[in-house]
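Before any comments, here is the structure.
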Amino acid sequence: MRGISLALTAPVAYPMLPSLMKAELISIGTELLLGEILDTNAQYLAARLPPLGIDLYYVSKVGDNLERLTEVIERAWRRSDLAITTGGLGPTEDDLTREAIARVLGEELSVDPGMEEQLRAFFSRRGVAMPERNVKQATLIPSARALPTPRGPAPGWWVEREGRVIVALPGPPVEMEYMWEQQVAPELERRLAGRRTVLVARVLKTVGLGEGHVDELVSPLLKSTNPTIGVYARADGVQLRIAAKAPTKEEAWRLIEPVEAEVRRLLGDIVWGADDDTLEGAVGGLLRQHGLTLATMESCTGGLLANVITNVPGSSTYFRGGLVAYATEMKIDWGVDPEIIARHGVISAECARDMARAVRERLRADIGIGITGVAGPDPQEEKPPGTIHIGLDAGFTEPQSVSYQFAQGREAVKRRAVTTALALLRRTILDWQGRPAG
């Protein structure tokens, strides 16, 4: 019997895997079917299979039911080279992944003494005795190897037979991601080396133009087959995905480079970032680069803009602070001109610009942003839900504002307002400097 200390990367001679692997993901847990939690595990793994040269064909969700789980795993075993499960490796009666895999392969579960010892030591280090129910986490079948992890008590499984592989990973993302990164991905890469076609992608992010306009600008490139280009809308703007296949990552990136350069040339400074970049991070970089400080006064967004800005590490170097002026009297108390409110209303471009001026002066910042509007669902001051006014006041340019209606629900309205405010701030800085975004 193998013990839990056996790592997947141990120097053991394992057969090479099929050069063209068809994969599927199986997310396990009744809570997924009830919508109680989001399936972030499938999203995480789906993004990491193409760079390994593995094609993902199917994604399934199944609850904690042995019959249905067995059915889903058996189907995956028949039609895919690689099946990756997440969840169902805990100690409770409804954690059934091991039992289902054993059923599909017709093999018996048995307790591995080394794994059991390691599990008991895990609990002992925390000053508690291991519940006997946890012994099931120390079981294996003959075709399985343990995937130990320091992040939790549940070892995973690597199951291999007849040229097919099932990888059973724990459900908690922090445990699943560690096991994938440290054990599973390196093993797949090693055993597929030189026998695969990898897919890599660059995602370019834009703001300021709609999906149709961006598509028109890059239309000369859309007939390319390798790399391919896809255009799609996201919450933070329109994105372009440039994807290329090649025998190695290096060759694939070389295919992408000239196409990316041409896309950037065609789109100019509406491209604000790539891949994992965030708009708030890009704007923060501009503020830091030019030594500018920012302050915000928010009404309908309730501090969401300040929250997003401060999600960026180091934002204290340029963000002075934010005021949430939800009530009209609070706007006046913090410096908004009551005559402007009386003349134009609190939900107006004029009020938004004066909110920006007031917060810039009060918090001694270079730039102030004010947001007012109707998040919904009810109208206010006879203005329909989704009415938003964003003002910007800076010492180096004329006060300005953006106004629009976006009636897609309260949360979406607030997030759209934040994105628009960041885009306005970015454009203001670029216009002031007279240079394109880097």
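Any read-out appearing in this document is the output of simple, stated calculations on the displayed coordinates, not a laboratory observation. All figures in this text were calculated on a predicted structure; none of them were measured in a lab. Please note: Cβ atoms are built from the backbone with ideal geometry, for glycine as well, and neighbour counts cover all protein chains shown.
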**Asked** Per residue of the chain, what 222 nm ellipticity follows from adding -39500 (n - 2.57) for every DSSP H run with n ≥ 4, rounded to the nearest 500?
**Response** -11000 deg cm²/dmol
**Request:** Please report, to two decimal places, log10 I(q)/I(0) for region 279-433 at q = 0.15, 0.18, 0.21 Å⁻¹ as given by the Debye formula with identical point scatterers on the Cα atoms and no solvent.
**Result:** -0.68, -0.99, -1.33
**Message:** Apply the Karplus curve 6.51 cos²θ - 1.76 cosθ + 1.60, θ = phi - 60°, to the phi angles in region 388-393 and return the couplings in whole Hz, x for Gly and Pro.
**Reply:** 10, 10, 10, x, 9, 10
**Prompt:** Roughly what angle does helix 349-362 make with the longest principal axis of the chain, taking Cα atoms, 0 to 90 degrees, to the nearest 10?
**Reply:** 80
**Request:** Round to the nearest 0.05 the FRET efficiency obtained for THR317 and GLU411 when R0 = 30 Å and r is the Cβ-Cβ distance.
**Result:** 0.50
**Asked** In whole percent, what relative contact order does region 21-192 give with Cα contacts below 8 Å and a gap of six or more residues?
**Response** 22
**Fill in**
Sorted by chain and number, the residues with a modelled amide H under 5 Å from that of THR248, at a separation of 5 or more or across chains, are VAL198
**Request:** Could you give the spread of the C-alpha atoms of region 393-432 along their three principal axes, from largest to smallest, in whole angstroms?
**Result:** 35, 14, 12
**Asked** Given the C-alpha centroids of region 238-279 and region 301-332, what is the distance between them in whole angstrom?
**Response** 33
**Message:** Between ARG75 and ARG343, what is 0.36 nm times their sequence separation minus the Cα-Cα distance? Round to one decimal in nm.
**Reply:** 89.7 nm
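Tally Lys/Arg at +1 and Asp/Glu at -1 over every other residue whose Cβ is under 10 Å from the Cβ of GLY87; what's the total? Each step should come with its number before you reach the end.
On the way: positive: LYS61; negative: GLU31, ASP39, ASP64, ASP95.
Surrounding charge for GLY87 is -3.
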**Prompt:** How high is the relative contact order of the chain, in percent, counting Cα pairs under 8 Å that sit 6 or more residues apart?
**Reply:** 11
**Prompt:** Which whole-Hz couplings ³J(HN,Hα) result when phi for each residue of region 332-343 is put into the Karplus expression 6.51 cos²θ - 1.76 cosθ + 1.60, θ = phi - 60°, listed in order with x for Gly and Pro?
**Reply:** 5, 4, 9, x, 6, 5, x, 5, 5, 5, 5, 7
**Item:** Neighbourhood charge, 15 Å Cβ-Cβ cut-off, centred on GLY302 and excluding it, Lys, Arg +1 and Asp, Glu -1
**Value:** +3
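Beyond 20 Å, how much of the Cα-Cα pair distribution for region 318-389 remains, as a whole percent?
Details: 695 of 2556 pairs.
Within region 318-389, distances greater than 20 Å cover 27 percent of Cα pairs.
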**Complete:** Loop-resident chymotrypsin sites (Phe, Trp or Tyr not before Pro) in region 350-438 with no more than 13 other Cβ atoms inside 10 Å, DSSP not H/G/I/E/B, are PHE396
**Request:** For TYR326 and ARG68, calculate 0.36 nm times their separation in residues minus their Cα-Cα distance, and state this gained length in nm to one decimal.
**Result:** 87.8 nm
**Message:** Assuming 0.36 nm per residue, please report the length gained on full extension of the stretch LEU38 to GLU108 beyond their Cα-Cα distance.
**Reply:** 21.9 nm
**Complete:** Least to most buried among ARG133, ARG145, ARG357, ARG126, by other C-beta atoms within 10 Å and fewest first, runs ARG126, ARG133, ARG145, ARG357
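Averaging over all projection directions, find the projected area of the Cα convex hull of region 198-274 and quote it in nm² with one decimal place. Show your work: numbers first, answer last.
On the way: hull surface 18.4 nm².
Reported value for the Cα convex hull: 4.6 nm².
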**Prompt:** How big is the chain on each of its three principal axes, counting only the C-alpha atoms and giving the largest first in Å?
**Reply:** 81, 54, 38
**Request:** Rounded to the nearest 10 degrees, what's the angle between the helix 66-79 long axis and the longest principal axis of the chain, both from Cα atoms, 0 to 90?
**Result:** 90
**Asked** Restricting the count to DSSP beta bridges whose residues both fall in the chain, what percent are antiparallel, rounded to a multiple of 5?
**Response** 60
**Item:** Distance histogram for region 21-192 (every C-alpha pair counted, 5 angstrom bins, percent rounded to whole numbers)
**Value:** 1, 9, 19, 22, 22, 15, 8, 3, 1, 0
